[in-house]
Ligand SMILES: Nc1nc2c(ncn2[C@@H]2O[C@H](COP(=O)(O)OP(=O)(O)OP(=O)(O)O)[C@@H](O)[C@H]2O)c(=O)[nH]1
Ligand code: SF4
Ligand SMILES: [Mg+2]
């Protein structure tokens with residue numbers, strides 16, 4: 001058991017790419033937790049995809065020994081968190097296991113939307129926030145300006161903002177001292193009944209479910225019978241230990257400590273992240289405040305190109321869920337695409353990552369439909385249903401009202417871009433809220449906006465309208481009734497459910513013309529004319545035609561051309577494999593998502 | 001020409017000779033050609049002759065085709081040496097078709113007479129267009145009158161089988177100028193016409209120009225032009241016997257029909273492709289390497305492809321379906337008619353089943369049909385389909 005006075009628990013939080021994981025590397029090195037020869041960049045990003053994309057997806061925790069200048073030995077429990085907004089719930093639950101938060105800001109980019117959002121999360125959770133400016137080695141670094149921006153959010157004075165470079169290691173010694181000095185030591189009661197928070201879990205093929213826990217009160221010994229207060233499950237604590245980052249078993253842990261716990265449970269669903277663990281023989285009365293479950297925000301249909309792969313897709317989703325509790329799905333049947341699943345995601349990056357993992361790690365070839373949100377529909381009899389797929393929207397005569405999810409969006413940008421941002425937001429049905437200046441040239445803007453208006457291309461547009469300087473964060477604020485209609489797309493006279501969309505009535509016409517226009521360019525010419533129509537109910541609102549292919553023949557095919565021509569035709573044939581037959585029309589897989597991409601002329 | 005006559009050519013042995021020399025390289029050309037190398041013409045003829053002499057003996061051939069390049073650039077005496085070598089090695093059957101591709105600029109009555117004396121009885125002119133602007137855009141030097149007078153000279157000298165090649169869909173061409181080209185060619189009383197859609201091949205000057213922003217040929221316009229040609233030529237009594245070839249009855253190119261019927265042909269010269277005993281061969285394509293290889297006594301092969309039985313069946317279809325007579329039913333056509341994509345083509349009227357043959361009704365979609373053919377799976381393929 002470690003003396004609480006010598007424990008410091010903190011998360012590193014920041015905007016995406018501001019250097020959290022790189023700083024974690026330096027801390028691992030400086031404290032000797034990892035020997036130089038075992039070191040590699042962003043060591044805590046262990047998933048292949050994390051390493052490839054250079055981003056953190058899942059929070060990671062590690063215990064560091066540190067001998068401070070006061071002569072005492074300390075234990076620093078560090079949690080590295082993801083910066084992307086899709087994974088912000090990972091940040092919230094990490095914060096619940098800490099007393100302090102190290103808030104990083106890039107010395108060149110300054111405060112960005114997730115810097116602000118994460119700072120607020122830490123303040124709300126009652127944590128001591130330690131501001132630091134990273135990447136001061138960059139030629140474009142402007143630590144003075146960034147320090148002022150941070151002070152504007154957090155208070156204090158600019159001299160107290162640390163300055164460091166996770167790349168060169170400059171300032172890291174001062175940072176370690178500051179953590180010891182400013183992060184409050186935990187103050188749990190060692191003699192109270194055990195209360196430990198499960199703040200994360202993952203599935204290990206050999207050991208089953210591994211929980212990460214933070215002890216708040218009491219003690220936990222290896223072998224103790226424990227009760228999960230929310231689920232009521234009772235298990236033995238088969239093994240507890242520290243992550244250094246290697247797993248090192250220990251006999252007993254006490255208040256303030258962070259550890260892993262293995263109970264022998266194999267099914268990830270039986271353990272809830274956010275649950276409180278107590279001792280079966282001496283239980284606590286009240287659990288710790290838990291977490292809200294992460295809610296999927298966007299939904300997309302995933303269909304195997306080859307219908308025979310349906311079961312394989314289901315198994316792959318189940319395997320992915322072992323380490324990604326936020327993933328949820330239900331079966332979906334599409335007339336155009338066959339059997340598949342409607343899958344819920346935290347956001348677009350999450351969707352992209354899951355799809356990539358399914359295709360790569362499970363060797364699946366998938367068609368993904370355009371992402372949509374979940375609508376609440378009040379039927380004529382007053383009952384309410386939730387629909388996640390446009391094809392499930394009841395007919396206008398059967399429903400009284402449709403409500404859509406709204407989010408509060410926070411955008412941070414240089415003030416020169418206020419005009420274009422306002423324009424973009426209002427074109428997306430946003431209600432403009434507050435505007436705060438964080439510095440003379442930096443402004444925070446708030447909007448209330450339908451989630452459906454931002455899920456697809458909003459961020460791309462925002463980036464291009466602000467030359468890449470704006471950043472964005474959002475949080476759900478509930479449902480609101482809207483005048484929504486379903487626009488159907490008909491190919492060769494037959495409605496293609498996978499192309500249906502729910503849009504605001506005022507935008508239905510635009511949407512219809514845009515979709516038919518894009519599909520005309522995406523669908524290759526066929527043996528016959530293919531009309532593409534957009535319709536609301538039975539009413540056609542726009543129409544395009546893909547003219548029949550007239551000429552598809554090589555002019556010359558003499559003795560010398562045969563082998564070459566054969567190779568050419570075979571290559572062209574390969575290109576046709578990624579086509580899906582929809583009725584009698586061949587549609588390229590990309591069309592299902594690409595049809596909704598932003599046009600260059602919109603940028 | 002009946003389907004039986006066309007299919008019978010599958011057993012008519014043929015020879016192809018490639019002559020790579022050209023005055024200059026046309027912007028759209030991607031054949032095995034050289035310009036400015038006339039200095040090695042003599043060496044080249046020696047090499048081709050040597051190649052023929054060391055070939056496996058064969059039975060007398062029934063058609064010989066000199067293609068290029070520009071065979072008419074060689075002296076008739078040079079061409080005669082090659083023909084003699086073929087006659088020595090394999091024999092040339094009586095009544096054989098002996099064809100030569102010619103550039104109109106190279107031919108006057110005297111020259112045409114010399115070619116007949118050398119043994120040629122069919123001449124095919126690269127007329128390309130009878131529109132000045134189009135000729136310029138194609139990078140051709142000759143003028144429309146020169147092309148027509150070359151045709152007349154060949155006739156006057158006694159060529160009984162004269163063909164003209166035309167290209168359509170080039171920049172500068174209009175509906176009218178194309179009609180005019182076809183009509184003028186007909187007026188010159190040729191026996192045979194080939195009409196080719198201008199095709200942009202990778203690596204050509206034309207391709208580079210298009211990448212740099214020049215207009216690319218438009219498939220729909222080319223379809224219109226092809227239909228115009230098919231109509232005008234038909235009205236003049238010519239029948240289309242292949243996607244790009246029309247002739248008066250009895251003047252079909254025997255050599256090409258042999259190739260399309262999956263018949264066998266020996267090939268000599270730079271980059272030449274042959275087919276014998278189920279093996280496709282291809283010669284070296286670089287002139288100096290070709291010359292040095294032959295001169296050192298070796299066969300100038302660049303590669304071979306041995307066809308499995310199923311490959312050969314698919315080749316029979318994909319090449320044979322270019323002919324107006326289509327192909328006789330066999331395992332390949334049965335697989336085609338049992339394939340969903342094949343059925344779709346049948347239902348759309350692109351192909352037809354005449355009972356004993358499969359024919360392409362809309363020749364403009366032949367590649368579409370061929371892609372379906374080449375994706376057909378038949379009996380278990382032996383592992384022997386090696387491509388060297
Ligand atoms: N020049 C310089 N580059 C740095 C520094 N710290 C990090 N980087 C670089 O910034 C990029 C992002 O670093 P990460 O450590 O992956 O950032 P992160 O905050 O963990 O990113 P997410 O987990 O995706 O939110 C990498 O290319 C790092 O090499 C620094 O101090 N100086
Ligand atoms: S004349 Fe014929 S072979 Fe020679 S370069 Fe021109 S197109 Fe090619
Ligand atoms: Mg990271």
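Each reported figure results from applying straightforward, stated rules to the coordinates on display, with no laboratory input. Predicted model only: the values in this text are computed from it and were never measured. Glycine gets a Cβ as well: all are built from the backbone with ideal geometry, and neighbour counts include every protein chain shown.
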The helix A:20-30 Cα axis meets the longest alpha-carbon principal axis of chain A at an angle in degrees, between 0 and 90 and rounded to 10, of 30 degrees
Mind giving me the FRET efficiency for residue A:481 and residue A:152? R0 is 35 Å, r the Cβ-Cβ distance, nearest 0.05 is fine.
0.40
What fraction of the DSSP beta bridges in the protein assembly as shown is antiparallel, stated in percent and rounded to the nearest 5?
70 percent
I'm a student and want to see the number: the projected area of the Cα convex hull of the protein assembly as shown, averaged over all directions, in nm².
50.5 nm²
Cα gyration tensor category, rounded, prolate or oblate, for segment B:56-141 with a/c compared to 1.5
prolate
Of all DSSP beta bridges with both partners in segment A:7-107, the antiparallel percent, nearest 5, is 40 percent
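For segment A:376-482, report the convex hull volume of the alpha-carbon atoms normalised per residue, in Å³, without decimals.
Looking at segment A:376-482, the number lands at 97 Å³ per residue.
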Between residue A:246 and residue A:53, with labels modelled 7 Å along Cα→Cβ, what's the label distance in nm to one decimal, could you check?
3.2 nm
What ranking of A:378, A:56 emerges when the number of other C-beta atoms within 10 Å of each C-beta is taken as an exposure proxy, fewest first?
A:378, A:56
By Cβ neighbour count within 10 Å, fewest first, A:79, A:540, A:57 rank A:540, A:57, A:79
How far apart, in nanometres, would the label points at residue A:185 and residue B:201 be if each is projected 7 angstrom from Cα along the Cα-to-Cβ direction?
8.4 nm
Note to self: C-alpha centroids of segment B:172-196 and segment A:135-161 sit apart, in Å, by 78 Å
Considering the convex hull of the alpha carbon atoms of segment B:213-366, report its projected area averaged over all viewing directions, in nm², one decimal.
13.3 nm²
Gyration tensor (alpha-carbon) shape descriptor, segment A:485-602, a/c threshold 1.5
prolate
In degrees, nearest 10, range 0 to 90: what is the angle between the Cα axis of helix A:418-427 and the longest Cα principal axis of chain A?
60 degrees
Kindly provide the helix-only [θ] at 222 nm of the protein assembly as shown, computed as the sum of -39,500 (n - 2.57) over DSSP H runs of four or more divided by all residues, to the nearest 500 deg cm²/dmol?
-8500 deg cm²/dmol
Taking a crude spin-label model, label points 7 Å out from Cα along the C-beta direction, the residue B:302 to residue B:227 distance in nm is 3.8 nm
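Using Cα pairs closer than 8 Å and at least 6 residues apart in sequence, work out the relative contact order for chain A, in percent.
10 percent
With a ≥ b ≥ c taken as the square roots of the eigenvalues of the C-alpha gyration tensor of segment B:3-260, please select rounded if a/c is under 1.5 and otherwise prolate if a/b is larger than b/c or oblate if it is not?
prolate
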Bins of 10 Å, beginning at zero and ending with the bin holding the largest distance: percent of Cα pairs per bin for segment B:72-189, please.
14, 42, 27, 14, 3
Beta bridges per DSSP with both ends in segment A:62-176, % antiparallel, nearest 5:
45 percent
Would you mind calculating the gained length between residue A:286 and residue A:593 on full extension (0.36 nm times residue separation, minus the Cα-Cα distance), in nm to one decimal?
105.7 nm
Could you work out how far helix A:348-361 tilts from the main Cα principal axis of chain A, as a 0 to 90 degree angle to the nearest 10?
80 degrees
Can you put B:361, A:265 in order, fewest other beta carbons within 10 Å first?
B:361, A:265
